[in-house]
Structures are given as C-alpha cells and as structure tokens.
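Have a look at the structure that comes next, please.
FYI, it's all coordinate maths here, none of it is from the lab. Because the structure is a prediction, the values reported are computed rather than measured. Neighbour counts run over all protein chains shown; Cβ positions are idealised from the backbone, glycine included.
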Amino acid sequence: MSSATELVEISFEGRYTLPEVEILSDTAEEIRRKQERVRALCAERNAILLAHHYQRPEVQEVADAVADSLRLSQTAAKTDADVIVFAGVHFMAETAAIICPDKRVLLPDLRAGCSLAASVTPEELREWKARLPGAVVVSYINTSAAVKAESDYCCTSANAAKVVGAIPADRTVLFLPDQFLASVVARQTRRSNIVAYPGYCHVHKTIQPDQVAGLLSDHPDIELLLHPECGCVSSCMAKAMDGTLPQDRTFFLSTEGMLRHIGESPATEFAVGTELGILHQLGKKYSQKRFYPVNEKAVCAFMKTITLDRVIRSLETLEPQVRVPEEIARKAKRAIDRMLELA
Ligand code: 13P
Ligand code: SF4
C-alpha cells in the first residue's frame with residue numbers, strides 16, 4: 001500500500017481489449033445527412049445526446065451537450081428526456097442509469113470501456129477496505145457501478161479536491177483508482193493520509209514530463225494545462241514548486257476546467273495535456289488562440305468507438321441499453337449523490 005505521493009508501477013493491460021480506431025471516410029455531405037438523421041431520431045424518441053469532450057468532432061457537433069464527466073452527470077440528472085444516448089464510455093452511461101433509473105440509457109457501442117475503470121474490481125476494493133478499516137473510500141467516477149457501490153464518495157477530476165477536502169482531516173482516505181489524480185489531490189488538499197490505488201489511464205499515462213519540457217522550450221510563454229490523470233503530474237507539480245516549470249502558468253484541470261480557464265486567461269498559447277478530442281471544442285470556442293497537444297498520440301480508442309452510424313442505429317433500435325442491478329445502483333447512488341451535493 002502506498003501514500004498518494006509514491007507512484008507504483010503495476011500493469012493492468014491484460015484486463016481490457018483496446019478497440020481498433022476506425023478511420024472514417026464520410027464526405028461533409030454524408031456527415032450532414034447523418035447528423036440530421038440523429039436530430040430527427042432524438043426528436044422522435046424524446047432523446048438527449050450527451051457527448052464527452054473526447055468524442056469524434058462530428059459526434060460532438062450533433063450532441064445536445066458536450067462536457068466533462070461531472071457536467072454530463074449533472075445534465076443527465078436534470079433532463080426530462082425519456083432516453084439518454086451516451087456518446088462516451090461505459091462508466092458514464094452507468095452513472096446516468098443510476099442517477100435516472102426511470103430513463104432508458106443507451107451506449108451506442110459496448111466496446112466503449114475504460115482502462116482506468118478496469119484497473120479496480122469490487123473484490124480488490126473490498127480487500128483494500130479490510131486492510132484499512134475506518135478509512136473513507138473516495139472513488140473516481142471512472143469506476144464500475146459495482147466499485148462505486150463499495151465507496152463512500154464518488155468524485156470527478158473537476159471536484160476531487162473539494163470532495164476529499166470535505167472529509168475530516170484525521171480520517172485516512174482510500175483514493176482510487178487513479179494514482180496520478182491521487183497525487184494531485186494530496187498536494188491540493190495538503191493531506192498526508194491519502195492512500196492511493198495504483199491504477200492509471202493508458203492514454204494519460206503516456207503524457208510525460210519530457211514532452212511538457214519540449215513544448216515549453218519551443219514556446220516559452222505557453223501556459224501548461226494538464227489533466228490530473230497524466231503520467232507527468234507528480235514531476236510537473238514538483239518542478240512547478242522548485243521553479244523549473246513556471247508555477248503561475250502550470251495548471252491541473254479537468255477537461256471542462258481547461259475550457260473555462262482558457263476563456264479567462266489572457267494567454268494566447270496553451271500546451272494541452274489530455275486526449276486529443278478536446279482540441280475540437282478548443283479550436284471552435286477560441287479560434288484566436290493556439291493549442292499544442294503535449295502528446296500527439298493521446299487518443300482514447302474506447303471513446304472513438306462511438307460513430308454517427310452507431311448513434312443512429314442505437315436510436316433506431318433503442319439498444320444497447322446500459323442497466324445497473326437495483327441493489328448495486330442503490331448503493332452506488334449514495335456515493336454519487338454525495339458528490340453531486342458537494343459539486
Ligand atoms: P473529465 O472528468 O475531465 O471529463 O475526464 C474524464 C476522463 O475519462 C479523463 O480521461
Ligand atoms: Fe478511460 Fe483514459 Fe479513455 Fe478517459 S481517456 S475514458 S480514463 S481510457
């Protein structure tokens with residue numbers, strides 16, 4: 001067992017199958033016709049299409065909302081649609097199904113999993129809890145419903161420090177599954193009693209300190225926006241503290257936090273340390289600013305399984321539906337509701 005500041009090397013790669021990223025060759029006209037079909041079907045089915053920032057641009061463009069995990073959950077909680085189509089990954093659709101038990105939640109491709117969520121099972125969490133009795137369990141939203149059901153609190157990258165900060169300072173916190181986010185939260189909350197699970201996202205883990213340093217040397221005035229799941233965060237936090245990186249220009253932000261920050265910042269150049277799908281919204285909202293991905297290969301193959309064709313098929317057939325067994329949903333909802341109350 002390790003504290004949140006000591007990083008642990010364990011591979012979870014055998015636990016998931018990465019889908020192949022399909023290169024689509026639709027013309028602009030075909031994309032437009034498919035998007036029209038999606039909108040017509042959403043109206044017919046009284047459906048809402050929710051898309052994460054890592055989705056394909058043409059899917060983001062046709063969605064009712066494009067946001068991070070937190071805002072997508074909040075949007076699901078408020079909708080009066082009968083059907084929620086989740087253009088995202090499985091844990092996001094499960095969360096919507098838990099929050100909205102009377103709605104039909106669709107995930108257009110069930111291969112849309114998450115390597116981070118796959119890194120912890122409910123059995124492993126139970127073992128952890130047995131070894132640390134009395135600890136408060138905070139699970140990142142990137143976990144299965146069954147893991148959330150074993151947790152006291154849920155959090156996203158946008159509110160992890162707030163959630164952990166609300167726990168009495170003398171209580172040990174079991175934080176899972178992302179070890180990099182855990183180290184950021186430990187630093188932000190100044191707690192030394194956070195025990196981190198050794199999980200990671202296979203995409204963000206590849207975002208490394210030398211890539212950040214390379215961008216900074218090419219663009220000395222750039223602001224560094226790093227998702228807290230990145231493999232570079234511990235090193236970058238330490239370098240920001242000792243002045244090797246500019247402390248006033250280094251930020252650890254959720255995808256939504258990045259969008260908000262850029263809108264408020266006078267800077268014109270930004271290094272973006274996260275999955276490349278976000279560049280679509282950034283370019284659209286801030287066309288006068290320039291964005292440089294920290295790692296140009298940071299692509300989540302799970303997110304890219306959702307295509308317009310699959311969204312259309314899903315709306316036509318109302319399948320594949322994501323359901324969560326009642327008992328698990330009831331327990332997981334406590335952890336999610338605690339987060340939504342604090343958010
Ligand atoms: P956000 O909470 O920032 O949307 O991130 C979700 C995610 O899956 C990051 O990899
Ligand atoms: Fe999961 Fe990583 Fe993909 Fe986010 S980018 S959905 S954490 S695999």
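In whole angstrom, how far apart do the alpha carbon centroids of the stretch 180-206 and the stretch 257-321 sit?
Taking the Cα centre of each part, the stretch 180-206 and the stretch 257-321 sit 23 Å apart.
Can you give the alpha-carbon Rg of the chain over 2.2 N^0.38 Å, where N counts its residues? Mind showing how you got there, number by number?
Working: Rg = 19.6 Å, N = 343, 2.2 N^0.38 = 20.2 Å.
For the chain, the normalised Cα radius of gyration is 0.97.
Let me ask another. Say the dipole of the chain comes from +1 at the beta carbon of Lys and Arg and -1 at that of Asp and Glu; which of Ile31, Ala118, Ile328 then lies farthest toward its positive end?
The listed residue farthest towards the positive side: Ile328.
A follow-up question, please. Using θ = phi - 60° and the Karplus form 6.51 cos²θ - 1.76 cosθ + 1.60, what ³J(HN,Hα) does each residue of the stretch 209-224 get, whole Hz, x for Gly and Pro?
Couplings: x, 5, 5, 5, 4, x, 5, 5, 6, 6, 9, x, 9, 5, 9, 9 Hz.
Separation of the stretch 133-169 and the stretch 84-104 by C-alpha centroid, Å?
Computed from Cα coordinates, the inter-centre distance equals 19 Å.
Continuing with the same structure: Given 5 Å bins starting at zero, what is the percent of C-alpha pairs of the stretch 204-293 in each, up to the one with the largest pair distance?
3, 15, 29, 27, 19, 6, 1, 0
Whose amide H sits under 5 Å from the amide H of Asp68, counting only residues 5 or more places off or on another chain, with H placed in the peptide plane?
Those qualifying (amide H under 5 Å, at least 5 residues apart or on another chain) are Glu256.
Shifting gears a bit: So who's got an amide H within less than 5 Å of the one on Gly199, skipping anything under 5 residues away but keeping other chains? H placed 1.01 Å off N, in plane.
Gln179
Just going by the charge dipole of the stretch 204-293, with Lys and Arg at +1 and Asp and Glu at -1 on Cβ, which of Ala213, Ala271, Ser287 is farthest out on the positive end?
Checking the options against the dipole of the stretch 204-293, the answer is Ser287.
In debye, nearest 20, what is the charge dipole magnitude of the chain about its Cα centre with +1 on Lys and Arg Cβ and -1 on Asp and Glu Cβ, if you could check? Could you put the intermediate results ahead of the total?
Numbers: 40 positive and 45 negative charges, 135 e Å.
About 640 debye.
Let me ask another. Got a sec to turn the phi values of the stretch 51-60 into Karplus ³J(HN,Hα) couplings, 6.51 cos²θ - 1.76 cosθ + 1.60 with θ = phi - 60°, whole Hz, x for Gly and Pro?
Values, residue by residue: 10, 7, 4, 8, 6, 4, x, 5, 7, 4 Hz.
Among Ala149, Ser3, Val203, which residue has its Cα positioned farthest towards the positive end of the charge dipole of the chain, with +1 placed on the Cβ of Lys and Arg, -1 on the Cβ of Asp and Glu, and the dipole taken about the Cα centre?
Of the candidates, Ala149 comes out farthest on the positive side.
Report ³J(HN,Hα) in whole Hz for each residue of the stretch 20-28, in order, from the Karplus equation J = 6.51 cos²θ - 1.76 cosθ + 1.60 where θ = phi - 60°; Gly and Pro get x.
Listing the rounded values in order: 6, 7, 6, 8, 8, 10, 4, 7, 4 Hz.
Non-local amide H neighbours of Val105 (under 5 Å, H modeled in plane, Pro and chain starts lacking H): which ones?
Ile84, Val322
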